[in-house]
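Student: Below: one structure in structure tokens.
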Amino acid sequence: MIKQGRSNLTKPIILGIVAFLTIIFTTFNPFSVAQSQSMSLRVGTEPTFPPFEMPSEDGSSLIGFDIDLMKAIGQEVGLDVQFESIPFDGLIPALQSGTLDAVVSGMTITADRAQSITFSSPYFKAGLAIAVQENNDEIKSFDDLQGRKIAVQIGTTGAMEADKIPNAQVISFDSAVLALQELINGKVDAVVNDAPVTLFAVKDAQLRGVKVVGELVTEEFYGIGLPLNSEKVMLVNFGLYEILRNGTYNQIYEKWFAGEPYTLPIIAPSLIGTGSSDFISTALNRGDRQSVFMLLLQRLPQGAIVTLILTACSIFFGLIGGSLVAFGLISHNAILKNALRVYVEFFRGTPMLVQLFIIYFGLPAVFQQIGLQWSLDRFPAAVIALSLNVTAYLAEIIRGGIESIDKGQWEACESLGMSRWETMKEVIMPQAFRRILPPLGNEFITLIKDTSLVAVIGFAELFRQGQLIVASTFQAFEVYIAVALVYLVLTTLSSFGFKWLEQKMNPIAQAKRKSALQKAEA
Ligand code: ARG
């Protein structure tokens, strides 16, 4: 009976398990996943490069010449193309690490890059252009850029060319659009960027106040990038030849650029017969770990100093501002209190990156629109943004510290005939300060790390120095680990500093130390 009962139960259970596994395997079949993965192509692009890649109007997808081209190639050879947006200087490292199967990003085929990734045949002929403010008649060619301030997109051929100009101060941004904004705001003399993109911005996107001088000052060919020795390059090339042959390429070209496309070579001239390319990065000899190491030794300390200066200035102003705001927050003036609350909530409640963009790119543009030539330099803008933010956080910390002191002390001081200000200065603040120290230390460490955000406005602090080294050496892992270590050294040192200060400010610990010293002397 019992036996039978058991077998009666076992059957449905086994059947159930089999059915469950069947469902699991048919839904998440590792083989079918592998199959569909092998047919799908993860393609990276930096999507602020119109008309090659940009977000669609509703922002839900990507559009542009490169996007259409890649989709057409995918269709031709049966690859399911999936786009991923990635910063331009991260594209080659992503190919190297296998995070991406390909990149299509208006990327120029250079001999230098070809040592780290594989390029398809050229799919577009381009070159660099120089953009200046409309009223600038002095700059007409690369030669006129000597000793000037030039904005570029990080890691691009424009950045590499600008680096070669004697005495020029090159400021790098994450996107070409931001570099152009810098020019409009009058903070640089010129932008060196791909001609089709700059021309598109000036003509089609009606970027005001900017003109293009020196169109196509270099000759460059764009290629689709794939991991080194990727077998998919044949497939991609085949797809490219097919769409060139069957007219799809011409249709796409017409859609984004008026006129006839150039005849494209099978191999980019930059790859023919070049033992060495003349880009600065060859001097670094990629793969030569020693030179990367030398670069790190040279540039990271520079960056660390900038980071420390930024942190020190911001904490200094933050402490002053934070104390004032804290006093306001505990004052009896309702209007002041509410106004400061709004301030604190705004700066705590919005991302610092957004605040930085408003101060650095936004405000000058507004001033420009109302006919005023006003803009902030990178350093004051960074310090203002960081300080305003730190002020908001410190105000709350200081207010909390002050309010944590027993109310009875205020009354005691009052009965001693001390004024409110005297009480604050002599009695409350010294005690509050000790309580504030630990959260202040936290804030300091957070600030050291947050300064990396100002890289977006072209500030060559620690993180941006790392990015710049990666952009020319493509050794992302080693460089970013080194950058992280330097941050760690800075934060650990400050954490020790604050511990020491806490000890120093602690009357009990100090009294113990003193009596121990006295005992030892006796
Ligand atoms: N052609 C230039 C280069 O390869 C710039 C490309 C920038 N592309 C982009 N999607 N932002 O360096």
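The values are calculated or read from the model by the stated rules, or taken from the named source; none is laboratory data. In this text, all values refer to a predicted model and were calculated from it rather than measured experimentally. Methodologically, a virtual Cβ is constructed for each residue, glycine included, from the backbone with ideal geometry; neighbour enumeration extends over all protein chains shown. Heads up: the accessible areas ignore ligands, DNA and RNA and are worked out on the full protein's heavy atoms, side chains in. Shrake-Rupley method; radii C 1.70, N 1.55, O 1.52, S 1.80 Å.
Student: Wholly within region 17-103, which helices (runs of 4 or more DSSP H) include no fewer than the required count, namely at least 3 residues that are modelled with pLDDT of 90 or more and open to solvent by less than 60 Å² (accessible area, probe 1.4 Å)?
Tutor: Counting at least 3 such residues, we get 65-77, 88-97.
Yes or no, residue by residue, for (1) within 11 Å of the ligand (Cβ to nearest atom); (2) in contact (Cβ under 8 Å) with a residue 40 or more places away in the chain:
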| position | (1), (2) |
| --- | --- |
| Tyr123 | no, yes |
| Gly127 | yes, yes |
| Val132 | no, yes |
| Arg148 | no, yes |
| Asn167 | no, no |
| Phe173 | yes, yes |
| Ala176 | yes, yes |
| Asp189 | no, yes |
| Leu207 | no, no |
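Student: Shifting gears a bit: Counting only residues that are touching a residue at least 24 places away in the same chain (Cβ under 8 Å), touching a Phe, Trp or Tyr at 6+ places or on another chain (Cβ under 9 Å) and within 18 Å of Gly209 (Cβ to Cβ), which one in region 357-384 is least open to solvent (accessible area, probe 1.4 Å)?
Tutor: Among those that are touching a residue at least 24 places away in the same chain (Cβ under 8 Å), touching a Phe, Trp or Tyr at 6+ places or on another chain (Cβ under 9 Å) and within 18 Å of Gly209 (Cβ to Cβ), it is Pro364.
Student: For region 104-117: of the residues being more than 11 Å from the ligand (Cβ to nearest atom) and out of contact with any Lys or Arg (no Cβ under 9 Å at 6 or more places or on another chain), which is nearest to Met234 (Cα to Cα)?
Tutor: The residue in question is Ile117.
Student: Can you name the residue in region 264-296 that is modelled with pLDDT under 90, open to solvent by 50 Å² or more (accessible area, probe 1.4 Å) and of a type in the set (Val, Ile, Thr) and is also farthest from Ser472 (Cα to Cα) among such residues?
Tutor: Looking at the filtered set, the residue picked out is Ile272.
Student: List every residue pair whose Cβ atoms sit under 8 Å apart, with the two residues 6 or more apart in sequence or on different chains, where the first one lies in region 40-59 and is over 17 Å from Phe124 (Cα atoms) and of a type outside the set (Gly, Ala, Ser) and the second, anywhere, is assigned to a loop (DSSP other than H, G, I, E, B) and more than 12 Å from the ligand (Cβ to nearest atom).
Tutor: What qualifies is Leu41/Leu79; Leu41/Asp101; Arg42/Thr99; Arg42/Leu100; Arg42/Asp101; Val43/Leu100; Val43/Asp101; Pro55/Ser61.
Student: Restricting to region 368-396, give me the number of residues that are closer than 21 Å to Val454 by Cβ and part of a helix (DSSP H, G or I).
Tutor: Result for region 368-396: 17.
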